[in-house]
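The structure appears right after this line, and notes come after that.
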Amino acid sequence: MKKFFFTFILLGIGLTSDYAQNNPNLLLPINERKIQMAILFDASGSMDGLLSQAKARIWSIVNDLTAMRSNGAAPMVEIALYSYGNDSHSSANNFIQQLVPLTTDLDLISQKLFGITTNGGSEYCGAVINNALGELKWSNDGMDLKMIYIAGNEPFNQGSVDYRKICPQALERQIYVNTIHCGDYQTGIRDLWQDGAKLGGGDYFHIDADKSIQTIATPFDEPINAYNDSLNKTYFGYGIQGQVRKEMQATQDQNAQSLSVSNKAERSIAKSKANYENSSWDLIDANTQGKKDVTKMKDDELPEEFKGLKPEEKKALLDKKTEERKMLQKKVADLAIERDKFIQTEKAKLGDKAGDDFGTSVSKSIEKKAEKIGFNKEGN
């Protein structure tokens, strides 16, 4: 069967840590340094296993990204999605479709990920990497991290776009190409997956794409999710998209819950962090970012809870709900620390028995490359 490919693109440069530590550009406010991640799916054939791995690991990957620090500042995380190798896509575009450009909108990423379907087709690794390089708005800042992850099991050299030219072009722009072969190690080497990683300056992994993700349930999952449900009540959709986006938020909670309680807990933790920012539709985030002044907004733009109130009453309610959100986010964050300790203890008992899957492969290379340009993981 044809397999999905996943390409995760994180912004980066092969700088030494000594350079990073002495570069004044590191002295940035929170969220000014970037990690950009593009996910390119080969949507050919029957790849439910790999797709399930991606769904089950997406929030743990996001949490790994947002745990990176530079002088105490968290990076801005942007993610893009592509689907390729699907017969329903245009043959003129090598059966490739951009689902989402680089965005900070994590709910949108989840929605598109859970909406992917598969349908036969031909998988062209060189072509999809080439599209991602040319179409996405990559950062030109040398202190940002850029990486590509491409996963699949078909030969890496299919299609008219030669990966031997494209992967070095990515590396010239300090974008690392990492490959994840869905199969055994030697087959991946024979089918040129390792060669693609070498030419792109990245890492080569191999995984069992049909392996079920084994999540570690913790006593902290349910309390975290309960706080998350309360946290949702502090979101107030404004404008035309407000209610639609609030419903999307709830739907993505349900998508995570459908996989496991632990998966929803990972999403809940991601929602407690600064990178879960929704100023385009949420009143509190818009006010915090200086994009909206609730005292000057008309009733037809406001959520029901704020309609008919005097300006000072609107501000008082917004301030109250803002503080409530901060309190709930802190409770989730505190529990997340204890949850992580519990998981690390359980993982230590397993040792190497668990093996790599899609998510662990991505997370390992993220941390390694991030450290080279001056990031360190929170708590380290």
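Annotations for the structure displayed:
- Check on THR103, of a type in the set (S, T, N, Q) and surrounded by fewer than 23 Cβ atoms within 10 Å (Cβ to Cβ): yes
- One residue alone among LYS368, LYS349 is touching a residue at least 12 places away in the same chain (Cβ under 8 Å) and surrounded by fewer than 17 Cβ atoms within 10 Å (Cβ to Cβ), and that residue is LYS368.
- Test for GLY201: is it closer than 27 Å to PRO75 by Cα, touching a residue at least 40 places away in the same chain (Cβ under 8 Å) and outside the structural domain of ALA316 (by TED's automatic domain parsing): yes
- Of the helices (runs of 4 or more DSSP H) lying entirely inside the range 4-115, those carrying at least 2 residues that are touching a Leu at 6+ places or on another chain (Cβ under 7 Å) and at pLDDT below 90 are 48-66.
- Entry remark, the range 141-186: residues being at pLDDT 90 or above and among the polar types (S, T, N, Q) number 6 in total.
- Out of GLY188, GLY134, GLY196, GLY121, one residue alone is surrounded by 19 or more Cβ atoms within 10 Å (Cβ to Cβ) and either in a loop (DSSP other than H, G, I, E, B) or under 22 Å from the mean Cα position of the chain (by Cα) (or both). It is GLY121.
- The set of residues in the range 218-261 being over 16 Å from PRO303 (Cβ atoms), of a type in the set (Gly, Ala, Ser) and either assigned by TED's automatic domain parsing to the domain that holds HIS181 or in a helix (DSSP H, G or I) (or both) consists of ALA226, SER230, ALA256, SER258.
- For LEU192: the one exception among (1) touching a Pro at 6+ places or on another chain (Cβ under 8 Å); (2) closer than 16 Å to ALA132 by Cβ: (2)
- Qualifying residue in the range 263-273 (condition: of a type in the set (Ser, Thr, Tyr) and without any contact (Cβ under 8 Å) to a residue 60 or more places away in the chain): no
- The listed residue being touching a Ser or Thr at 6+ places or on another chain (Cβ under 6 Å) and farther than 15 Å from ASP221 by Cα, out of GLU324, GLU312, GLU305, GLU301: GLU324
- GLY196, sole failed condition from (1) in the same structural domain as ILE96 (by TED's automatic domain parsing); (2) more than 18 Å from VAL362 (Cβ to Cβ); (3) touching a helix residue (DSSP H, G or I) at 6+ places or on another chain (Cβ under 8 Å): (2)
- Looking across the range 145-170, just one residue is among the acidic types (Asp, Glu) and either in contact with a helix residue (DSSP H, G or I) (Cβ under 6 Å, 6 or more places away or on another chain) or not in a loop (DSSP other than H, G, I, E, B) (or both), and that is ASP162.
- Residue among THR295, THR288, THR345 that alone is farther than 19 Å from PHE220 by Cβ, of a type in the set (S, T, N, Q) and within 26 Å of the chain's Cα centre (by Cα): THR288
The values are calculated or read from the model by the stated rules, or taken from the named source; none is laboratory data. These numbers come from a predicted model, not from an experiment. Backbone-built Cβ (ideal geometry, glycine too); neighbour counts: all protein chains shown.
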